[in-house]
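Enquirer: Sharing a structure with you now.
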Amino acid sequence: MTYHHGNLRKSLLDRAAEVITENGVEALSLRALARDIGVSHAAPARHFKDKKALLSALATEGNRRLTTAVTDAANAVGTDPVSRYNAMGKAVIRFAIDNPAYQQATHHPDVVQSAEESLIAERRSYMSKVTQAAAAAQAAGWRKDADINALTLFSTAAATGTAFFVSNMKHGGFLNGENIAVLIDQVIDLVIAPSTAALHANQET
């Protein structure tokens, strides 16, 4: 990777994501990143005072991209509220599998223990979209008897918990030979019907 003038922060974040994907968080260092992109060892300090700050920035970027991913997934299936929420849940898991660096940065102890305001803001933006989508799905007939807060927490935990488990199992070699795409669909379909039509069909049987 080559550093281009005016793009140091992005170059550092992109290379950091590559390093984590290839070798894990422990392999990450600001000095090595500087060497990799061809800048002085002091250059990263312009944007990140230490490794913890870099991980927090990666987590913030990951949460921003996750919000975009779930929004795009919902828009891709149309206007049916239940289909949209179902697609969002599946997108959470696929994002974690496809972006292990963001997953690891988000769950790193240093980031979890003292999240920066930018990361908190991204998490709020994400949860706002999830909460609205869950409420719309419930209004369309999904689990109308449930408390909306409990329902949102349950469905979110199902998606994020599965994302964490599957991404770790996949990269650890524990799911070799499994059709992960099929597993993702099956898990979310157990929690959220794939469409309002399917929901009503299930209720009638």
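Enquirer: Looking at region 25-36, which of its residues are assigned to a helix (DSSP H, G or I) and surrounded by fewer than 20 Cβ atoms within 10 Å (Cβ to Cβ)?
Expert: Of all residues in region 25-36, those assigned to a helix (DSSP H, G or I) come to 25-27, 30-36.
Across region 25-36, the qualifying residues are 25, 26, 27, 31, 32, 35, 36.
Enquirer: Test residue 150 against the criterion of being loosely packed, with under 14 Cβ neighbours inside 10 Å and assigned to a helix (DSSP H, G or I), and give yes or no.
Expert: So residue 150 passes the test.
For every residue, the table says whether it meets (1) buried (at least 19 other Cβ atoms within 10 Å of the Cβ); (2) farther than 26 Å from residue 181 by Cα.
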{"position": "13", "(1), (2)": "yes, yes"}
{"position": "16", "(1), (2)": "yes, yes"}
{"position": "23", "(1), (2)": "no, no"}
{"position": "50", "(1), (2)": "no, yes"}
{"position": "62", "(1), (2)": "yes, no"}
{"position": "72", "(1), (2)": "no, no"}
{"position": "87", "(1), (2)": "yes, no"}
{"position": "90", "(1), (2)": "yes, no"}
{"position": "98", "(1), (2)": "no, no"}
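Conditions tested, residue by residue: (1) closer than 23 Å to residue 112 by Cβ; (2) touching a residue at least 24 places away in the same chain (Cβ under 8 Å); (3) among the acidic types (Asp, Glu).
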| residue | (1), (2), (3) |
| --- | --- |
| 11 | no, yes, no |
| 23 | yes, no, no |
| 37 | no, yes, no |
| 47 | yes, yes, no |
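Enquirer: Then there is this: Looking at 27, 76, 42, can you tell me which residue is without any contact (Cβ under 8 Å) to a residue 12 or more places away in the chain, hydrophobic (A, V, I, L, M, F, W, C) and under 30 Å from residue 194 (Cβ atoms)?
Expert: Values: 27 fails: under 30 Å from residue 194 (Cβ atoms); 42 fails: under 30 Å from residue 194 (Cβ atoms).
Selected residue: 76, the only one of 27, 76, 42 that is without any contact (Cβ under 8 Å) to a residue 12 or more places away in the chain, hydrophobic (A, V, I, L, M, F, W, C) and under 30 Å from residue 194 (Cβ atoms).
Enquirer: Of all residues in region 159-205, how many are modelled with pLDDT under 70, not in a helix (DSSP H, G or I) and not β-branched (Val, Ile, Thr)?
Expert: Counting residues in region 159-205 that are modelled with pLDDT under 70, not in a helix (DSSP H, G or I) and not β-branched (Val, Ile, Thr) gives 7.
The values are calculated or read from the model by the stated rules, or taken from the named source; none is laboratory data. Since we're looking at a predicted model, the values are computed, not measured. Neighbour counts run over all protein chains shown; Cβ positions are idealised from the backbone, glycine included.
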